[in-house]
Amino acid sequence: MARRRMIYEGKAKILYEGPEPDTLIQYFKDDATAFNAEKHAVIEGKGVLNNRMSEFFMTGLSQIGVPNHFIRRLNMREQLVRMVEIIPLEVVVRNVAAGSMAKRLGMNEGTELPRPIIEFYLKDDALGDPMVTEEHIIAFNWASQQDIDDMIALALRVNDYMSGLMYGVGIKLVDFKIEVGRVFEGDFQRLIVADEISPDSCRLWDIQSGRKLDKDVFRHELGDLSEAYTEVARRLGVLPRNGATTKGPKLVQ
Ligand code: 5GP
């Protein structure tokens, strides 16, 4: 059997050449990293959970007309996605003050924001993904004004969809990050949501208890990350409520 070609290895995922033109295979690893990879661990089953949850969110987004790279899930850890030209920016949407914004602006974590706030960060590990403004983006040619408008529109639609979905299962979508890619269709090009949407890239707080159900559990050692992600998956119906876990096969009686 021919060895497939690896295109890129990131902190939590690997991209392989896909079986069809303009496709890639996105493989979800169990690795968890934080603080620009200063902290690292392998969390058994995380890749499986994120593969399923990203499939779930991207499929739902497609159904409401938000274009994204997801084509189909291939197996427990892999999904087939469209090849895109990735825009070198992380687009963050915030509904509640937390994380780097709360720290930067001296705000109490948990303060509701008057409107969703969108921020752009340059994807550059060596620089620690610095925040950039629209001025920087246009001046340094990372994206055009039209791209920025399209990224904002996509990010707000993802926010509305994800906020509603999470609210329905008792979870507050505090903030999240998406990545956006360019695809070419004949003479046209457009931007679509790429990468992944999972508890690795969102802040999710239980509405009743305030319990954190996202990667902050790992960042700040607040408990069992895999248990928190499993809880999100179960509430969304992505995993059965009882029985099957990601830890291994279960005897059917
Ligand atoms: P903050 O800027 O507060 O650290 O992050 C804002 C939101 O974007 C959080 O939900 C966080 O998980 C997500 N985020 C920011 N940078 C990254 C990143 O490099 N990788 C991932 N997976 N998520 C990120």
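If I filter segment 190-216 down to residues being away from the ligand (no atom under 12 Å from the Cβ), not hydrophobic (A, V, I, L, M, F, W, C) and not in a loop (DSSP other than H, G, I, E, B), which single residue comes out as surrounded by the fewest Cβ atoms within 10 Å (Cβ to Cβ)? My answer is ARG190. Of all the criteria given as (1) more than 16 Å from the ligand (Cβ to nearest atom); (2) touching a helix residue (DSSP H, G or I) at 6+ places or on another chain (Cβ under 6 Å), the one not satisfied by VAL93 is (1).
Quick grid of which residues meet (1) modelled with pLDDT of 95 or more; (2) touching a Phe, Trp or Tyr at 6+ places or on another chain (Cβ under 9 Å):
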| site | (1), (2) |
| --- | --- |
| ARG115 | yes, no |
| PHE120 | yes, yes |
| ASP160 | yes, no |
| GLY164 | yes, no |
| GLU185 | no, no |
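Exactly one residue out of ILE71, ILE137, ILE178 is surrounded by 15 or more Cβ atoms within 10 Å (Cβ to Cβ) and within 16 Å of the ligand (Cβ to nearest atom): that is ILE178.
A single member of VAL180, VAL158 is in a strand (DSSP E or B), among the β-branched types (Val, Ile, Thr), closer than 18 Å to GLY65 by Cβ and not assigned by TED's automatic domain parsing to the domain that holds ARG234, and it is VAL180. One residue stands out in segment 105-122 among those that are within 13 Å of the ligand (Cβ to nearest atom) and of a type in the set (D, E, K, R): the one that is farthest from ARG182 (Cα to Cα), namely GLU109. Listed by position, the strands (runs of 3 or more DSSP E) inside segment 43-144 whose residues that are over 16 Å from the mean Cα position of the chain (by Cα) and farther than 23 Å from LYS29 by Cβ number at least 3 are 112-122. Taking residues in segment 94-109 that are in contact (Cβ under 8 Å) with a residue 12 or more places away in the chain, and partners anywhere that are away from the ligand (no atom under 11 Å from the Cβ) and part of a loop (DSSP other than H, G, I, E, B), the pairs with Cβ atoms closer than 8 Å and at least 6 places apart or on different chains are VAL96/GLY110; VAL96/THR111; ALA97/MET107; ALA97/ASN108; ALA97/GLY110; ALA97/THR111; ALA98/GLY110; MET101/MET107.
Checking ALA102, ALA98, ALA41 one by one, the residue that is in the same structural domain as THR230 (by TED's automatic domain parsing) and within 16 Å of the ligand (Cβ to nearest atom) is ALA41 and no other. Please specify each residue of segment 12-29 satisfying the condition of being over 15 Å from the mean Cα position of the chain (by Cα) and either aliphatic (A, V, I, L, M) or not in a strand (DSSP E or B) (or both). Within segment 12-29, LEU15, GLY18, PRO19, GLU20, PRO21, ASP22, LEU24, ILE25 qualify. For segment 161-175, name all the residues that are in a helix (DSSP H, G or I) and either aromatic (Phe, Trp, Tyr) or within 12 Å of the ligand (Cβ to nearest atom) (or both). Once the filter is applied, which keeps residues that are in a helix (DSSP H, G or I) and either aromatic (Phe, Trp, Tyr) or within 12 Å of the ligand (Cβ to nearest atom) (or both), segment 161-175 yields TYR161, MET162, TYR167.
The values are calculated or read from the model by the stated rules, or taken from the named source; none is laboratory data. In this text the structure is predicted, and so the values were computed from the model without any measurement. Reconstructed Cβ throughout: ideal geometry from the backbone, glycine too, with neighbour counts over all protein chains shown.
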